[in-house]
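Worksheet: one structure, shown below.
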Amino acid sequence: MSSARVPATLIPGDGIGTEIMDVTVRVLEALEAPFEWDVQKAGRAGLQECGDPLPPATLDSIRRTGLALKGPLETPVGGGYRSSNVRLREEFHLYANVRPAMTLVPGGRYENIDLVTIRENTEGLYVGFEHYIPIDGDPHAVAIGSGVNTRAGCRRIAEFAFNYAVTHGRRKVTIVHKANILKALTGVFLETAREVGKAYEGRVKSEDRIVDACAMQLVLNPWQFDVIVTTNLFGDILSDEIAGLVGGLGMTPGANIGENAAIFEAVHGSAPDIAGKGIANPLALILASAMMLAHVGRQDLAGRLRQAIDRTLNQDSIRTRDLGGTATTREFGDALIRHIL
Ligand code: NAD
């Protein structure tokens, strides 16, 4: 186990970002995590302070470190600047978005959930090939959007998912698609992922589902799923649904993995409705930092962190409001740190 220092970029983010990042950094300090932070801006904070939602200094920093912990970044709905999250994924070819969801607090609507969504992160309907056709003075009379899925991109994400299943002791990968309607766009994904699945026969089971049926089955019987691999938009939607099975968006971390960089974050956004109130659940970002520790080979620290989280939630019953508790963001962090020290 190496105790070497690891340079990493830190982007506090927008809305609740600064509140949950503050706690996460204190938790990592208590753990004596190896990260040497280079603090940078992006999103609304980038625009306000550097005139750019993805400032060149932030990109340079990630190019140098190849590793980042990122708070949520705000994206205007409808018009305005393009998502800095999507741009980061494109810039660093972060093709795999890994979103584990696990029951950490027993007694909720569902028990013993342990699911991983692997979402293709750079293709599909997220490529932003969109335009309007004006008719009769209505500039938005017709809206057109195209998606792009490539054979190579589908193979890369399917191989990542099956390989993830093997290396993480998982039994099954479910390929989720809409190839009955989007016959080309998600047809190529299904076709390619099935082919990749065949190469893993005997090691990991492979099956496929249409996305709408999968969404319903996730509510009725989520335990039938293990690893889900899917295209960009479906992965985005299903992983929020899955977060709902384990107590909500405050509980699910995500990793964006590429060949030359990895960016860790919470699945949730900047939560403008509770920003500044000090009540956000910092766990999703803290769990993302545990994934980041494991990524740099510090499974020892990741394990200690997960154990401290379990004790805080279940021995002390200290929980934020989204989990039915009364703790503030800071109080939760302080309690967690007491279990680490
Ligand atoms: P959101 O995830 O910010 O919030 C959805 C709901 O979940 C809100 O009611 C919010 O209060 C709650 N919630 C989210 N995180 C929570 C936490 N840690 N603790 C307690 N409650 C929490 O989604 P939204 O409101 O649709 O999006 C807000 C902004 O975030 C948008 O600008 C969007 O583009 C952006 N966004 C960013 C990311 C990212 O940076 N990866 C992801 C999703 C959304």
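The values are calculated or read from the model by the stated rules, or taken from the named source; none is laboratory data. Quantities reported herein were computed from a predicted structural model and do not represent experimental measurements. Every residue, glycine among them, receives a Cβ derived from its backbone with ideal geometry; neighbour counts consider all protein chains shown. Each accessible area value is taken on the protein alone, full model and side chains, heavy atoms only, with ligands, DNA and RNA left out. Shrake-Rupley method; radii C 1.70, N 1.55, O 1.52, S 1.80 Å.
Normalised Debye scattering of the chain at q = 0.14 Å⁻¹ gives log10 I(q)/I(0) of -1.19, counting only Cα atoms as equal scatterers and leaving out solvent. Its Cα gyration tensor gives the stretch 218-275 an equivalent ellipsoid; the semi-axes, largest first and in whole Å, are 20, 18, 10. Entry comment: accessible area of the chain is 44 Å² per residue, from protein heavy atoms only and a probe of 1.4 Å. For the chain, the relative contact order is 22 percent, taking Cα pairs closer than 8 Å that sit 6 or more residues apart in sequence and dividing their mean separation by the residue count. Mind running the shape call on the stretch 1-60? Use the C-alpha gyration tensor, a ≥ b ≥ c as the square roots of the eigenvalues: rounded below 1.5 for a/c, prolate if a/b tops b/c, oblate otherwise. It comes out oblate by the Cα gyration axes.
Highest mean packing comes first when the peptides 288-300, 54-66 are listed by Cβ atoms within 10 Å, giving 288-300, 54-66. For the peptides 125-136, 237-248, the ranking by packing is 237-248, 125-136, with the highest mean count of neighbouring Cβ atoms within 10 Å listed first. A straight line joining the Cα centroids of the stretch 228-297 and the stretch 39-116 runs 9 Å. Shape class of the stretch 81-207 from the alpha-carbon gyration tensor: prolate, with a/c at 1.5 or above and a/b greater than b/c. Ordering 327-340, 189-202 by mean Cβ neighbour count within 10 Å, with the highest value first, yields 327-340, 189-202. Dividing the summed helix terms, -39500 (n - 2.57) for each DSSP H run of n ≥ 4, by the number of residues in the chain produces a 222 nm estimate of -12000 deg cm²/dmol to the nearest 500. Simple spin-label estimate for residue 140 and residue 315 gives 5.3 nm between the two label positions (7 Å along the Cα-to-Cβ direction from each Cα). Electrostatic tally near residue 19: other residues with Cβ closer than 10 Å to its Cβ, Lys and Arg +1, Asp and Glu -1, net +1. Placing dummy labels 7 Å off each Cα toward the beta-carbon, the span from residue 109 to residue 224 is 1.9 nm. Shown here for the stretch 1-106: GluC sites (Glu not before Pro) in loop regions (DSSP other than H, G, I, E, B) with at most 16 other Cβ atoms within 10 Å, namely 32.
Taking only protein heavy atoms and a 1.4 Å probe, the accessible area of the chain is 52% carbon and sulfur.
Rounded, prolate or oblate for the stretch 179-318? Axes are the square roots of the Cα gyration tensor eigenvalues, ordered a ≥ b ≥ c, and the cut-off for rounded is a/c under 1.5. Here the stretch 179-318 falls in the prolate category.
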